[in-house]
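Presented below is the structure to which this report refers.
The values are calculated or read from the model by the stated rules, or taken from the named source; none is laboratory data. Fair warning: this is a prediction, and the values are worked out from it, not measured in the lab. Neighbour counts run over all protein chains shown; Cβ positions are idealised from the backbone, glycine included. Please note that ligands, DNA and RNA were not included when accessible areas were found on the heavy atoms of the full protein model with its side chains. Shrake-Rupley method; radii C 1.70, N 1.55, O 1.52, S 1.80 Å.
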Amino acid sequence: KFYYFHIGRDGSYDLYLYTGANGSGAQTLVHNVTPAVRTGLNISNLLAVVVHNGTIYLYVNKQLITSVNNSIYTNGQIGVAATYDADPAEVVFSDATVWML
């Protein structure tokens, strides 16, 4: 049971809410495309998620791309993942930080 913030190589982004066991019960909270996502090979993107009073704010490269009101989950853990549909990819995550505001 978790939220999943996804960015695509094409500049798309999604925020999903999973309410079922083992990653099932996905609900799309937002889906869109933004020029804030840098695309191409060997390109870095800075991602940030801020949650305050039931609102989830999504940032890419220091730009607010959207906000969503949803307070189903109010605590938990944070993780990162990389997935691919067709072409294999190499992804590096660094400097993951969590602050309590």
Seminar exercise, completed: Among 37, 30, 50, the single one that is assigned to a loop (DSSP other than H, G, I, E, B) and either without any contact (Cβ under 8 Å) to a residue 12 or more places away in the chain or among the aliphatic types (A, V, I, L, M) (or both) is 37
Exercise. Given 37, 68, which one is over 25 Å from residue 20 (Cα atoms), among the β-branched types (Val, Ile, Thr) and touching a strand residue (DSSP E or B) at 6+ places or on another chain (Cβ under 7 Å)?
Worked result: 37
Seminar exercise, completed: Of those in region 1-21 that are more than 12 Å from residue 58 (Cα to Cα) and hydrophobic (A, V, I, L, M, F, W, C), the residue least open to solvent (accessible area, probe 1.4 Å) is 17
Problem set entry | Tally, over region 22-71, of residues that are small (Gly, Ala, Ser) and open to solvent by 70 Å² or more (accessible area, probe 1.4 Å) | 2
Exercise. Which of (1) aliphatic (A, V, I, L, M); (2) closer than 15 Å to residue 7 by Cβ; (3) surrounded by 10 or more Cβ atoms within 10 Å (Cβ to Cβ) is the odd one out, the single condition residue 78 does not satisfy?
Worked result: (2)
